[in-house]
Amino acid sequence: MENSPISGLRSNTVRYGSFSIGIHWLMLILIAAVYACMELKGIFPKGSDSREMMKTWHFMLGLSVLVLAALRLVLNLTSPIPDIRPDPPRWQKLLARLMHLALYALMLGLPLAGWLLLSAAAKPIPFFGLQLPALIGESKTLATLIKEIHETGATVGYFLIGFHAAAALYHHYGVHDDTLLRMMPRRD
């Protein structure tokens with residue numbers, strides 16, 4: 001059973017399973033696309049079809065991040081987390097836990113804030129052909145506040161993602177442990 005196709009899907013104490021690895025890298029692509037849509041919309045004139053398309057894709061991809069982040073959270077709570085070898089110092093484990101908590105707050109919180117923002121602004125909430133319901137009633141004051149929180153969170157996200165990637169590379173090339181290898185696709 002250890003070498004069956006199913007065993008490679010599940011995480012174990014040595015490495016993450018193929019399913020967790022796939023979701024991790026898909027999330028990276030989705031988050032990059034969300035940020036790209038946000039940044040690229042600024043090159044188009046306000047009110048143009050192209051700008052509106054970038055905003056719509058930003059919303060839909062952001063909500064996709066929310067769905068996958070919730071799935072990842074369930075997976076992480078129900079699957080073993082592979083041990084890092086060699087075992088890092090306690091302070092590094094604590095920093096890693098804090099970083100992962102911050103990243104989950106980002107992946108869950110920013111899409112929820114976006115959904116709340118659209119709700120408070122009384123705008124449609126598109127999701128790949130569906131119109132999602134508003135989470136709160138219309139409020140321009142609340143929409144302004146949520147927009148500021150959403151934009152600040154997005155800026156913080158750049159730093160969190162950068163630190164996460166830098167830490168993985170530091171562990172791989174500096175410490176020479178298997179932190180990064182546990183999340184890489186199998187080559188066998």
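I'd like the residue in segment 47-56 that is part of a helix (DSSP H, G or I) and free of Cβ contacts under 8 Å to residues at least 60 places away in the same chain and, out of all such residues, is surrounded by the most Cβ atoms within 10 Å (Cβ to Cβ).
We begin by selecting, within segment 47-56, every residue part of a helix (DSSP H, G or I); these are 49-56.
Subsequent filtering for residues that are free of Cβ contacts under 8 Å to residues at least 60 places away in the same chain retains 49-55.
Details: Asp49: 9, Ser50: 12, Arg51: 16, Glu52: 13, Met53: 14, Met54: 20, Lys55: 17.
Once the filter is applied, the top-ranked residue is Met54.
Going by the structure shown, is Leu94 of a type in the set (A, V, I, L, M, F, W, C) and over 29 Å from Ala143 (Cα atoms)? Explain how you work it out, then say what you get.
Values: of a type in the set (A, V, I, L, M, F, W, C): yes; over 29 Å from Ala143 (Cα atoms): yes.
In short, yes.
Here are Arg186, Arg182: which of them is touching a Gly at 6+ places or on another chain (Cβ under 8 Å) and not β-branched (Val, Ile, Thr)? Reasoning before the result, please.
Working: Arg182 fails: touching a Gly at 6+ places or on another chain (Cβ under 8 Å).
It is Arg186.
Just to be sure I understand the filter: pairs with C-beta atoms under 6 Å, separated by 6 or more residues or on different chains, first member in segment 3-14 and over 15 Å from Arg85 (Cβ atoms) and aliphatic (A, V, I, L, M), second member part of a loop (DSSP other than H, G, I, E, B) and at pLDDT 55 or above. Which pairs pass?
Sorted first by the residue in segment 3-14, then by its partner, the pairs are Leu9/Gly17.
When segment 92-118 is examined, which residues are found to be over 30 Å from Asp178 (Cβ atoms) and either at pLDDT below 95 or in contact with a Lys or Arg (Cβ under 9 Å, 6 or more places away or on another chain) (or both)?
Passing the criteria: Ala113, Leu117.
Does segment 147-168 hold any residues that are among the aliphatic types (A, V, I, L, M) and more than 18 Å from Met27 (Cβ to Cβ), and which are they? Full working, then the answer.
Pass one, segment 147-168, residues among the aliphatic types (A, V, I, L, M): 149, 154, 156, 160-161, 165-168.
Hit for segment 147-168 is Ile149, nothing else.
Kindly indicate whether any position in segment 140-147 is touching a residue at least 40 places away in the same chain (Cβ under 8 Å) and not charged (D, E, K, R).
Taking segment 140-147 first, the residues touching a residue at least 40 places away in the same chain (Cβ under 8 Å) are none.
Within segment 140-147 (the criterion being touching a residue at least 40 places away in the same chain (Cβ under 8 Å) and not charged (D, E, K, R)), the answer is no, since none of the residues qualifies.
I'd like to check something: does segment 181-188 contain any residue that is among the acidic types (Asp, Glu), exposed (fewer than 14 other Cβ atoms within 10 Å of the Cβ), at pLDDT below 95 and part of a loop (DSSP other than H, G, I, E, B)?
There is at least one residue in segment 181-188 that is among the acidic types (Asp, Glu), exposed (fewer than 14 other Cβ atoms within 10 Å of the Cβ), at pLDDT below 95 and part of a loop (DSSP other than H, G, I, E, B).
I'd like to know if segment 6-29 contains one or more residues that are in contact with a Phe, Trp or Tyr (Cβ under 7 Å, 6 or more places away or on another chain), at pLDDT below 90, of a type outside the set (D, E, K, R) and loosely packed, with under 15 Cβ neighbours inside 10 Å.
Yes: one or more hits.
Of all residues being aromatic (Phe, Trp, Tyr) and part of a loop (DSSP other than H, G, I, E, B) in segment 12-45, which is farthest from Tyr158 (Cα to Cα)? Just the residue, please. Show your work before the answer.
Keep residues of segment 12-45 that are aromatic (Phe, Trp, Tyr), which gives 16, 19, 25, 35, 44.
Add one more test, that the residue is part of a loop (DSSP other than H, G, I, E, B), and what stays is 16, 44.
Values: Tyr16: 25, Phe44: 23 Å.
The qualifying residue farthest from Tyr158 (Cα to Cα) is Tyr16.
Within the group Phe59, Phe44, which residue is surrounded by 13 or more Cβ atoms within 10 Å (Cβ to Cβ), more than 22 Å from Ala105 (Cα to Cα) and of a type in the set (A, V, I, L, M, F, W, C)? Write out each step before concluding.
Values: Phe59 fails: more than 22 Å from Ala105 (Cα to Cα).
None of the others qualify; the one that does is Phe44.
Tally time: how many residues in segment 46-72 are closer than 19 Å to Ala154 by Cα and of a type in the set (Asp, Glu)?
Number satisfying all stated conditions: 0.
Just to check your reading of the model, which residue among Pro88, Pro80 is surrounded by 14 or more Cβ atoms within 10 Å (Cβ to Cβ) and either modelled with pLDDT under 95 or outside any helix (DSSP H, G or I) (or both)? So that I can check it myself, show each step before the final result.
Details: Pro80 fails: surrounded by 14 or more Cβ atoms within 10 Å (Cβ to Cβ).
Criteria check complete, one pass: Pro88.
The values are calculated or read from the model by the stated rules, or taken from the named source; none is laboratory data. All figures in this text were calculated on a predicted structure; none of them were measured in a lab. In this analysis, Cβ positions are derived from the backbone assuming ideal geometry, glycine residues included, and neighbour counts consider all displayed protein chains.
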